[in-house]
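Every read-out reported here was derived from the displayed coordinates using simple, explicitly stated rules and does not represent laboratory data. In this text, all values refer to a predicted model and were calculated from it rather than measured experimentally. Cβ: placed from backbone, ideal geometry, glycine included. Neighbour counts: every protein chain shown.
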Amino acid sequence: MLKIVVCVSGGGTNLQAILDAIDSGRITNTRVITVISNNPGAKALERAKNHGIPGICMSPRDYADRETFNEAFTAKLCELEPDLIVLAGFLVRIPEQMVAKFSGRIINIHPSLIPSFCGVGYYGLKVHEKALERGVKVTGATVHFVNEGMDEGPIIAQKAVAVEQDDTAEILQRRVMEQAEWILLPQAIDDIANGRITITDGHVRRVK
Ligand code: GAR
């Protein structure tokens with residue numbers, strides 16, 4: 001049984017997609033043991049509570065400096081002993097010491113086709129604003145393993161989504177969620193839980 005911790009910051013629709021997929025059997029062999037949010041008001045915490053899953057709030061704001069937060073956050077994850085950490089709209093940078101401790105065991109969903117529209121400053125709605133500004137006709141979402149870089153880890157899966165003529169950032173964000181994120185992330189977790197995805201020396205392999 002794959003024990004996962006899901007880290008969130010806001011609405012938690014990706015968390016909900018994971019919980020729904022577990023309930024409906026689209027993700028098997030997996031249990032969400034804890035949800036961690038950096039934002040006490042995150043709707044995601046409510047979603048966890050409604051599912052009887054423990055929710056924890058840990059924000060850098062509550063610590064003297066970033067280093068102290070990083071240590072506390074990493075220590076909390078070590079204490080929870082997850083098999084996999086899932087960043088589902090988590091807008092806090094993962095400390096290097098945590099990446100080292102959980103190498104190959106942290107995944108992230110990003111709302112674009114990496115390497116487009118990613119890296120520092122590209123999160124949430126901003127990603128879609130930039131895609132519209134640039135006038136791309138196709139965007140999408142990416143699930144990847146997390147390394148020391150920002151959105152630079154090995155890619156697990158991607159799905160393309162069309163940009164329509166009169167899209168606003170909000171409309172595009174919703175379409176990318178519906179057509180890509182809520183499908184890709186549960187699928188990747190199920191693949192990892194059932195040994196269909198592995199990572200060795202930074203290379204992702206899909207076992208058929
Ligand atoms: C999602 O679109 C996710 O891909 C994005 O934040 C949103 C969270 O929504 N993540 C990033 O931008 C990470 N760089 P949710 O809280 O409803 O799942």
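Full extension of the chain segment joining GLN179 with ILE33 gains 49.9 nm, where the gain is 0.36 nm per residue of separation less the Cα-Cα distance. Extension gain for the segment GLN158 to LYS49, taken as residue separation times 0.36 nm less the Cα-Cα distance, is 36.2 nm to one decimal. Taking a straight Cα-Cα cut-off under 21 Å and skipping sequence neighbours fewer than 8 places away in the same chain, the lysines within cross-link reach of LYS43 are LYS126.
Shape of segment 59-198 from its Cα gyration tensor (a ≥ b ≥ c, root eigenvalues): rounded if a/c is under 1.5, otherwise prolate when a/b > b/c, or oblate? Oblate shape, in that a/c is at least 1.5 and b/c is the bigger or equal ratio. Label separation (GLU133 vs ALA72): 3.4 nm, computed from points 7 Å beyond Cα along the C-beta direction.
Applying both filters, DSSP loop and at most 12 other Cβ atoms within 10 Å, to the GluC sites (Glu not before Pro) of segment 7-75 eliminates every site. Our coupling estimate for segment 115-124, obtained by passing each phi through the Karplus curve with A = 6.51, B = -1.76, C = 1.60 and θ = phi - 60°, is x, 7, 6, 9, x, 4, x, 9, 8, x Hz, Gly and Pro reported as x.
Across the options VAL86, ILE27, VAL138, the greatest Cα extent toward the positive end of the charge dipole of the chain (unit charges at beta carbon of Lys, Arg, Asp, Glu) belongs to ILE27. Rounded to the nearest 20 debye, the dipole size of the chain about its Cα centre is 400 debye, using +1 on the Cβ of Lys and Arg and -1 on the Cβ of Asp and Glu.
Placing dummy labels 7 Å off each Cα toward the beta-carbon, the span from GLU170 to GLU96 is 4.1 nm. Checking every one of the chymotrypsin sites (Phe, Trp or Tyr not before Pro) in segment 39-138 against DSSP loop status and a limit of 16 other Cβ atoms within 10 Å picks out TYR63.
Exceedance of the 31 Å cut-off in Cα-Cα distance is limited, within the set LYS101/LYS130; LYS76/LYS208; LYS49/LYS130; LYS49/LYS137; LYS101/LYS208, to LYS101/LYS130; LYS76/LYS208; LYS49/LYS130; LYS49/LYS137.
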